[in-house]
Amino acid sequence: MKNIIKKTAITTFILLLGGIFLFNNGLSNYYLPIFPWMLGGFLFLTYGVHFFLIKSSKDQDPKKFNNIYMMTFTIKMVCYLVFIFIYLLNHKENRITFIIAFAILYFIFTSLEISSILSHIKKQKTGN
């Protein structure tokens, strides 16, 4: 768990600095006031899902882990879709910017989550 916390926190900090830089230098017309909150949401949702998956992987039952993974993935996607839907209904400006920023954050955080889970499972199989 320490590994994903460290990687995700560093990635979030870099993305925050990158967002501040981009929105202050050239992309100020596309500034999203919700961007820092999006980062925080992705950070904590990634932590929660990862913690839940790590706990469920201790059973050593691949069927059970796969079911739990699919359940957490579905819940996470529903949360994301509800957030996107509510935001886009209430904010007509910068819709494209929001969708692009959300997609970038989704792919970055999902990549971190998947690579961390896979490395954890590999370690469990080798006994390290």
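The values are calculated or read from the model by the stated rules, or taken from the named source; none is laboratory data. Small disclaimer: the values here were computed from a predicted structure and weren't measured. We place every Cβ from the backbone using ideal geometry, glycine too, and count neighbours over all the protein chains shown.
The figures follow:
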| read-out | value |
| --- | --- |
| Count of the range 24-37 residues which are among the hydroxyl-bearing types (Ser, Thr, Tyr) and assigned to a helix (DSSP H, G or I) | 2 |
| Candidate set from the range 1-60 (those that are among the hydroxyl-bearing types (Ser, Thr, Tyr) and within 23 Å of ILE75 (Cα to Cα)); member that is modelled with the highest pLDDT | THR12 |
| Hits in the range 82-96 - residues which are farther than 14 Å from PHE35 by Cα and β-branched (Val, Ile, Thr) | VAL82, ILE86 |
| Selection status of ILE4, touching a His at 6+ places or on another chain (Cβ under 8 Å) and either in a helix (DSSP H, G or I) or within 16 Å of ILE114 (Cα to Cα) (or both) | yes |
| The range 94-124, residues that are polar (S, T, N, Q), within 13 Å of the chain's Cα centre (by Cα) and surrounded by 12 or more Cβ atoms within 10 Å (Cβ to Cβ) | THR110, SER115, SER116 |
| Residues that are more than 23 Å from HIS91 (Cβ to Cβ), surrounded by 15 or more Cβ atoms within 10 Å (Cβ to Cβ) and of a type outside the set (Gly, Ala, Ser), drawn from the range 27-63 | THR46, TYR47, VAL49, HIS50, PHE52, LEU53, ILE54 |
| Criterion: touching a residue at least 24 places away in the same chain (Cβ under 8 Å), hydrophobic (A, V, I, L, M, F, W, C), at negative phi and assigned to a helix (DSSP H, G or I) - qualifying residue of PHE21, PHE42, PHE13 | PHE42 |
| Any hit, the range 97-118, residues being farther than 19 Å from ILE4 by Cβ, in a helix (DSSP H, G or I) and modelled with pLDDT under 90 | yes |
| Single match in ASN90, ASN24, ASN67 (criterion: over 25 Å from LYS6 (Cα atoms), surrounded by 12 or more Cβ atoms within 10 Å (Cβ to Cβ) and polar (S, T, N, Q)) | ASN67 |
| Test: residue in the range 64-71 that is among the β-branched types (Val, Ile, Thr) and closer than 24 Å to LEU39 by Cα | no |
